[in-house]
Amino acid sequence: MANIDFKAIPKVSLHDHLDGGLRPQTIIDIAQETGLELPTYDAKELAKWFQDQADSGSLVEYLKTFDITIGVMQTREALTRVAREFVLDLADDGVVYGEVRWAPEQHLRNGLTLDEVVDAVQDGLEQGMEAVEAKGGFIVTGQLVTAMRHADRGLEIAELAVRHRDNGVVGFDIAGAEKGFLPSRHKEAFDYLASEFFPCTIHAGEADGVESIKDAIVSGRAQRLGHGVRIVEDIFLAASEGDEDIVRLGPVARWVYDHGIALELSPSSNLQTGAIEAFGETIADHPFDILYDLGFKVTVNVDNRLMSATSLTRELRLLSEAFGYDLDDLEQFQLNAADVVFQDLEQREELKELIMDAFDDLREGR
Ligand SMILES: [Zn+2]
């Protein structure tokens, strides 16, 4: 394990929020232009502030961080810059395919329309991809358009997503307060998306349990689960034979398992938000390894790179340190993710080929 070059691993990023991955200096630059007040104007100190707020254990303090990031993403120029830098940072992290999620409805304060903000982000993503290519690199990105689950714009945002399906938008998501805001609240939106064959991932099984995951699948027809880590609450120890545990899957876990519904697990974020507090306080306590071992379709994600001071490179390293994963395991996580990206089957197969070739090179030390 000691010899693994984690940065060189070709990565697929399924769960990474645009408003959770800004560069500190960019926040400072835009805040100074627009007069938004910041706790500090030093990039290093600001990065530390974000991490401390997220680590504070208080949801109120955590959410203040998004007031700032969303606050500096209210103009076309700012959205394009943030999206462009986001792609450059992903490529630098070894990401070859990334889906970037964000909620257009939170970026209308200066009078831009929903369509205009989606266009602005798409411009940035395309500029980023071109810049990576110009330097001899490779990355493909797509937008996941998110509706805020406590708000009432689900159908409008679903229509926005479908309207931009030929303009870089690859899927739909709902985010925000999970508890008390089941996907069924947005049933009309999900019925419409299904009628358009438009793919959905849904935040579920992070701040709420099995019932929320069930509703994401039943009402939302979710093809992937945003985190989904609390699916472990539907897995029960049936018997122990020697040092082998026999488990019984409840009906929701059984469906998720049988249908290979991917879990967008985000180890560091799951620790910070208390999603796995029943299990412990370190990465080694994360049920990631239990789920992987049982054969669930686990994927590794960052959620919010700025708030968690992390990257996919770091998350893979932390998991390998905790559970002893080797290149074969790390390859499986990337293939799991490549299997469920919101692209055509042909593109998913191509992505898997690219990953397998790159892992062959890594194994042979090329
Ligand atoms: Zn998330």
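The values are calculated or read from the model by the stated rules, or taken from the named source; none is laboratory data. Note that the structure is a prediction, hence the values are computed from the model and not measured. Don't worry about glycine lacking a Cβ; one is built from the backbone with ideal geometry, like all the others, and counts go over all protein chains shown.
Tell me the residue from Asp173, Asp208 that is within 16 Å of the ligand (Cβ to nearest atom) and surrounded by fewer than 22 Cβ atoms within 10 Å (Cβ to Cβ), please.
On the way: Asp173 fails: surrounded by fewer than 22 Cβ atoms within 10 Å (Cβ to Cβ).
None of the others qualify; the one that does is Asp208.
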**OP:** Report yes if some residue within the range 245-254 is within 14 Å of the ligand (Cβ to nearest atom) and in contact with a helix residue (DSSP H, G or I) (Cβ under 7 Å, 6 or more places away or on another chain); otherwise report no.
**Re:** no
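Any residue that is within 16 Å of the ligand (Cβ to nearest atom) and either without any contact (Cβ under 8 Å) to a residue 24 or more places away in the chain or among the hydrophobic types (A, V, I, L, M, F, W, C) (or both) - is there at least one of those in the range 189-201?
Yes, some residue in the range 189-201 is within 16 Å of the ligand (Cβ to nearest atom) and either without any contact (Cβ under 8 Å) to a residue 24 or more places away in the chain or among the hydrophobic types (A, V, I, L, M, F, W, C) (or both).
Yes or no: the range 258-268 includes at least one residue that is over 30 Å from Val162 (Cβ atoms), within 16 Å of the ligand (Cβ to nearest atom) and surrounded by 17 or more Cβ atoms within 10 Å (Cβ to Cβ).
Pass one, the range 258-268, residues over 30 Å from Val162 (Cβ atoms): 267-268.
Right, trim to within 16 Å of the ligand (Cβ to nearest atom) and you get 267-268.
Now narrow it down to the ones that are surrounded by 17 or more Cβ atoms within 10 Å (Cβ to Cβ): 267-268.
Yes, some residue in the range 258-268 is over 30 Å from Val162 (Cβ atoms), within 16 Å of the ligand (Cβ to nearest atom) and surrounded by 17 or more Cβ atoms within 10 Å (Cβ to Cβ).
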**OP:** Please specify each residue of the range 176-188 satisfying the condition of being within 15 Å of the ligand (Cβ to nearest atom) and either modelled with pLDDT of 95 or more or among the hydrophobic types (A, V, I, L, M, F, W, C) (or both).
**Re:** Ala177, Phe181, Pro183
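Could you please give the count of residues in the range 95-133 that are of a type in the set (Lys, Arg) and either touching a residue at least 60 places away in the same chain (Cβ under 8 Å) or within 16 Å of the ligand (Cβ to nearest atom) (or both)? Can you show your working first?
The first filter runs over the range 95-133 and keeps only residues of a type in the set (Lys, Arg), leaving 101, 109.
Those left that are additionally either touching a residue at least 60 places away in the same chain (Cβ under 8 Å) or within 16 Å of the ligand (Cβ to nearest atom) (or both): 101.
Summing the residues that are of a type in the set (Lys, Arg) and either touching a residue at least 60 places away in the same chain (Cβ under 8 Å) or within 16 Å of the ligand (Cβ to nearest atom) (or both) in the range 95-133 gives 1.
Could you identify the single residue in Ala278, Ala337 that is among the small types (Gly, Ala, Ser) and within 16 Å of the ligand (Cβ to nearest atom)?
Details: Ala278 fails: within 16 Å of the ligand (Cβ to nearest atom).
The unique qualifying residue is Ala337.
Listed here are the residues, each with its yes/no results for (1) within 16 Å of the ligand (Cβ to nearest atom); (2) touching an Asp or Glu at 6+ places or on another chain (Cβ under 8 Å).
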| residue | (1), (2) |
| --- | --- |
| Ile4 | no, yes |
| Ser13 | yes, yes |
| Asp19 | yes, no |
| Gln25 | no, no |
| Phe50 | yes, no |
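Is at least one residue of the range 239-262 at positive phi, at pLDDT 95 or above and more than 21 Å from the chain's Cα centre (by Cα)?
Within the range 239-262, the subset at positive phi is 242, 260.
Then drop every residue that is not at pLDDT 95 or above, which leaves 260.
From what is left, the residues that are more than 21 Å from the chain's Cα centre (by Cα) are none.
No: zero hits.
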Original post:
Given the conditions (1) more than 16 Å from the ligand (Cβ to nearest atom); (2) out of contact with any His (no Cβ under 9 Å at 6 or more places or on another chain), and given that Arg230 satisfies all but one, which numbered condition is not satisfied?
Top reply: (1)
Original post:
Of the residues Ala131, Ala147, Ala194, Ala161, which is of a type in the set (A, V, I, L, M), within 20 Å of the chain's Cα centre (by Cα) and either surrounded by fewer than 22 Cβ atoms within 10 Å (Cβ to Cβ) or outside any helix (DSSP H, G or I) (or both)?
Top reply: Ala147
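On the basis of being touching an Asp or Glu at 6+ places or on another chain (Cβ under 6 Å) and not β-branched (Val, Ile, Thr), does Lys187 make the cut?
Working: touching an Asp or Glu at 6+ places or on another chain (Cβ under 6 Å): no; not β-branched (Val, Ile, Thr): yes.
Against the criterion (touching an Asp or Glu at 6+ places or on another chain (Cβ under 6 Å) and not β-branched (Val, Ile, Thr)), Lys187 does not qualify.
Regarding Leu306, is this residue within 17 Å of Ala262 (Cβ to Cβ), surrounded by 20 or more Cβ atoms within 10 Å (Cβ to Cβ) and among the hydrophobic types (A, V, I, L, M, F, W, C)? Give the derivation first.
Numbers: within 17 Å of Ala262 (Cβ to Cβ): no; surrounded by 20 or more Cβ atoms within 10 Å (Cβ to Cβ): yes; among the hydrophobic types (A, V, I, L, M, F, W, C): yes.
In short, no.
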**OP:** Output yes when any residue across the range 285-303 is under 15 Å from the mean Cα position of the chain (by Cα), more than 16 Å from Ile9 (Cα to Cα) and among the hydrophobic types (A, V, I, L, M, F, W, C), and no when none is.
**Re:** yes
Original post:
Given the structure, is Gln106 surrounded by fewer than 22 Cβ atoms within 10 Å (Cβ to Cβ) and either closer than 26 Å to Leu351 by Cβ or out of contact with any Leu (no Cβ under 9 Å at 6 or more places or on another chain) (or both)?
Top reply: yes
